[in-house]
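Sharing a structure with you now.
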Amino acid sequence: DGTTILSKKVIWAAGITGKAPVGLAPECKGPGGRILVDRYSKVQGYDDIFAIGDIAYMTEEAYPDGHPQLAQAAMQQGKNLAENFIRMETGKALKPFTYRDLGSMATVGRNRAVVDLPNLKFQGAFAWLVWLFIHLFSLLGVKNKVFVFLNWLWGYFTYDQSLRLIIRPKLPKVDNTAENVPLSQ
């Protein structure tokens, strides 16, 4: 609508698709619509615009096709960028980002998961417990950890899914008043 908001810093948070904010030069776009950034998370062609996470396309020797679009990459980039903001304020040299693959985990059913760490791989119930506790302890704040843990316990013992519908699914109306309607129409 043309509204201008004056700010020293603008932080753009978006989902998992590469949807760049309006106004960036077209040559900033890389594969998958991601924004091309250098090892300091600076958007190509700009000194004061940064991008991290799923939208950022940063390459390094070990990742010539860009970093994986995973939470751990975004979290590491965020920590590096926060440290670099402090370095900029204090006049220190910026530290380039280097992605460190900590491994991957996925639940594959009730009481089952797979864990793929750099030097160790395992699966089954123990992997599921590892997945639960690593995710639980990565949450911020005791209140969040307790709430999520109790929610998981409730869901585990009641088989209640944590899916929360905002709207009720609409079911088709059935006209069961018609008489003499053959079953195979």
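The values are calculated or read from the model by the stated rules, or taken from the named source; none is laboratory data. Remember, predicted model here, so these are calculated numbers, not experimental data. Positions of Cβ are backbone-derived with ideal geometry, glycine not excepted, and every protein chain shown enters the neighbour counts.
Please tell me if N119 is polar (S, T, N, Q) and outside the structural domain of D38 (by TED's automatic domain parsing).
yes
Just one of G155, G124, G109 is modelled with pLDDT of 90 or more and of a type in the set (G, A, S); which is it?
On inspection, the qualifying residue turns out to be G124.
Any idea which of (1) under 20 Å from K8 (Cα atoms); (2) at pLDDT below 95 is the one I55 doesn't satisfy?
All conditions pass for I55, except number (1).
Take the residues in the range 17-41 that are assigned to a loop (DSSP other than H, G, I, E, B) and of a type in the set (G, A, S), then tell me which one is modelled with the lowest pLDDT.
Within the range 17-41, the match that is modelled with the lowest pLDDT is G18.
Working carefully through the options A73, A62, A93, find the one that is in contact with a His (Cβ under 8 Å, 6 or more places away or on another chain) and among the aliphatic types (A, V, I, L, M).
After ruling out the rest, the residue left standing is A73.
Do you know which of the residues in the range 90-109 that are in a loop (DSSP other than H, G, I, E, B) and under 23 Å from the mean Cα position of the chain (by Cα) is surrounded by the fewest Cβ atoms within 10 Å (Cβ to Cβ)?
Here the answer is R100.
Does the range 80-89 contain any residue that is farther than 12 Å from D101 by Cα, modelled with pLDDT of 90 or more, outside any loop (DSSP other than H, G, I, E, B) and among the β-branched types (V, I, T)?
Among the residues of the range 80-89, at least one is farther than 12 Å from D101 by Cα, modelled with pLDDT of 90 or more, outside any loop (DSSP other than H, G, I, E, B) and among the β-branched types (V, I, T), which makes the answer yes.
Here's a follow-up. Could you check the range 42-63 and list, in sequence order, the residues that are part of a loop (DSSP other than H, G, I, E, B), over 12 Å from Y99 (Cα atoms) and not hydrophobic (A, V, I, L, M, F, W, C)?
Result: Q44, G45, Y46, D47, D48.
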